[in-house]
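The values are calculated or read from the model by the stated rules, or taken from the named source; none is laboratory data. Note that the structure is a prediction, hence the values are computed from the model and not measured. Please note: Cβ atoms are built from the backbone with ideal geometry, for glycine as well, and neighbour counts cover all protein chains shown.
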Amino acid sequence: MKAKRVLIVGTGIGGATAAITLARQGLDVHCIDIKPERPATGAGICLLHNTMRALSTIGLAEACQESGMPFAVFKEFDDSGRLLHAHPAPPSCGIRRPELARILETAAQESGAVLEKGMTVQDLTDRGEYVDVRLSDGREVSYDLVVAADGVYSGLRKRVFGTDYEPRFAGQSVWRFNAPRPAEADGFCLYRAPSGKVLGIFPTSRESCYMFYLESSREPMRITEDRSHVLIRDRLAEFEAPVIRNALDLITEPSQVIFRPLDITLVPTSWHRGRVVLLGDAAHAPTPQMTSGAGMAVEDAIVLAECFAGSDSVNEALAAYDTRRFHRVKRIYDASLQLCVNEQQDAAGRKDRSAALLLETYQYLGEPI
Ligand SMILES: Cc1cc2nc3c(=O)[nH]c(=O)nc-3n(C[C@H](O)[C@H](O)[C@H](O)COP(=O)(O)OP(=O)(O)OC[C@H]3O[C@@H](n4cnc5c(N)ncnc54)[C@H](O)[C@@H]3O)c2cc1C
């Protein structure tokens, strides 16, 4: 039997894209998110060539390029801001996360999906041919399919798949903040200090950029959140590059700094149990080194809809989704994790091996999905 009514849990990048692709297949899409509204602030995100290709198939690449900033160069600087190298990079687009969310959610609604914020799943019973769901506002609704797109800490995954795939700490935490874009930040830029510290910058629009710093630790770090603006300045004190100093001078409030330990998970196939299927970070949350988690979520959404378009059977469509996605996602997840481990070990020769792995994985990302 073909699916007709779909519940998507999570209106993040994966959930909103699935709302677009499934609604455009003619499915009745209801997409809910526990957060009462779309976040107005947030960090930036890099949409790589494969992500832009996927967004272009649903007609949204141009909107991202207009709101964000396309780039195709990779630059390395020393801690004083001296340019060491500039190489061509895969054509990408940097964008602020709230802007990407606005573009995706608007397209989801225009495609016919119903989006409801401040809503979650209270209870869920899989009846085989359909799933009975009690929503948090008390409504009881039956769906032919439930898509768990509720992120790395997915409550639905825990409920339906058990606790085997709970995220684990990857050995690094990330500090992130936004800044006005200096002219030199016209690509993916890394500033390297002799101590081994690395600060990354990429543009998120013609006017803005995003800076990130990864810090390794054996155990997940706990910080005093109301001092995060002071803590980040301390950590980056050795960088003398004017673009970094100018940006740090503008960081005066803890709310300007986003800190989070990197927690990762990869669920082995099958990604569905009965009529509940995982998508995006709920199925696979990599470390950010390949800047690909969101790209994988967008690709998931496109492939899931293609599998439903190509089959009259829900089970067949879900099996095809597993087959088409798992190998590709695992390769990106493994490469990201290897790069993350290399950064933590920082041993001689690792940099070269990381560069080779990065290049090879970029090429793989360009292959058809
Ligand atoms: C530091 C960092 C940098 C990154 N940089 C990049 C990058 O440059 N490029 C890239 O491609 N990827 C990047 N990623 C990965 C990317 O952010 C994720 O892969 C992507 O956001 C996953 O999208 P998602 O929709 O699966 O999950 P999420 O974006 O986490 O969305 C999940 C949604 O589910 C909702 N939700 C949660 N629980 C419930 C519930 N119980 N009921 C209802 N709703 C619920 C949440 O509110 C949220 O809106 C980065 C990740 C990190 C940590």
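Numbers for the structure displayed
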{"quantity": "Qualifying positions in the stretch 135-184 - part of a loop (DSSP other than H, G, I, E, B), polar (S, T, N, Q) and crowded, with 16+ Cβ neighbours inside 10 Å", "calculated": "Ser154"}
{"quantity": "Checking Ala347 against (1) surrounded by fewer than 13 Cβ atoms within 10 Å (Cβ to Cβ); (2) at pLDDT 95 or above; (3) among the small types (Gly, Ala, Ser), the condition it does not meet", "calculated": "(2)"}
{"quantity": "Positions within the stretch 196-252 being in a loop (DSSP other than H, G, I, E, B), free of Cβ contacts under 8 Å to residues at least 12 places away in the same chain and either among the hydrophobic types (A, V, I, L, M, F, W, C) or surrounded by 17 or more Cβ atoms within 10 Å (Cβ to Cβ) (or both), in sequence order", "calculated": "Ala237"}
{"quantity": "Matching residues in the stretch 263-283 - criterion: being within 12 Å of the ligand (Cβ to nearest atom) and surrounded by 24 or more Cβ atoms within 10 Å (Cβ to Cβ)", "calculated": "Leu278, Leu279, Gly280, Asp281, Ala282, Ala283"}
{"quantity": "Tally, over the stretch 66-83, of residues that are over 21 Å from Ile45 (Cα atoms) and either free of Cβ contacts under 8 Å to residues at least 60 places away in the same chain or in the same structural domain as Ala193 (by TED's automatic domain parsing) (or both)", "calculated": "1"}
{"quantity": "Subset of the stretch 284-304 that is near the ligand (Cβ under 7 Å from one of its atoms) and in contact (Cβ under 8 Å) with a residue 60 or more places away in the chain - its residue that is surrounded by the fewest Cβ atoms within 10 Å (Cβ to Cβ)", "calculated": "Thr291"}
{"quantity": "Test: residue in the stretch 26-36 that is part of a loop (DSSP other than H, G, I, E, B), at pLDDT below 95, touching a Lys or Arg at 6+ places or on another chain (Cβ under 6 Å) and within 12 Å of the ligand (Cβ to nearest atom)", "calculated": "no"}
{"quantity": "Residue in the stretch 62-69 that is part of a strand (DSSP E or B), farther than 25 Å from Leu124 by Cα and away from the ligand (no atom under 12 Å from the Cβ) present", "calculated": "yes"}
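Yes/no matrix, rows are residues, columns are (1) over 21 Å from Thr287 (Cα atoms); (2) surrounded by 23 or more Cβ atoms within 10 Å (Cβ to Cβ); (3) touching a residue at least 60 places away in the same chain (Cβ under 8 Å):
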site: Leu7; (1), (2), (3): yes, yes, yes
site: Gly10; (1), (2), (3): no, yes, yes
site: Ala18; (1), (2), (3): yes, yes, yes
site: Asp28; (1), (2), (3): yes, no, no
site: Pro36; (1), (2), (3): yes, no, yes
site: Gly44; (1), (2), (3): no, yes, yes
site: Leu47; (1), (2), (3): no, yes, yes
site: Asn50; (1), (2), (3): no, yes, yes
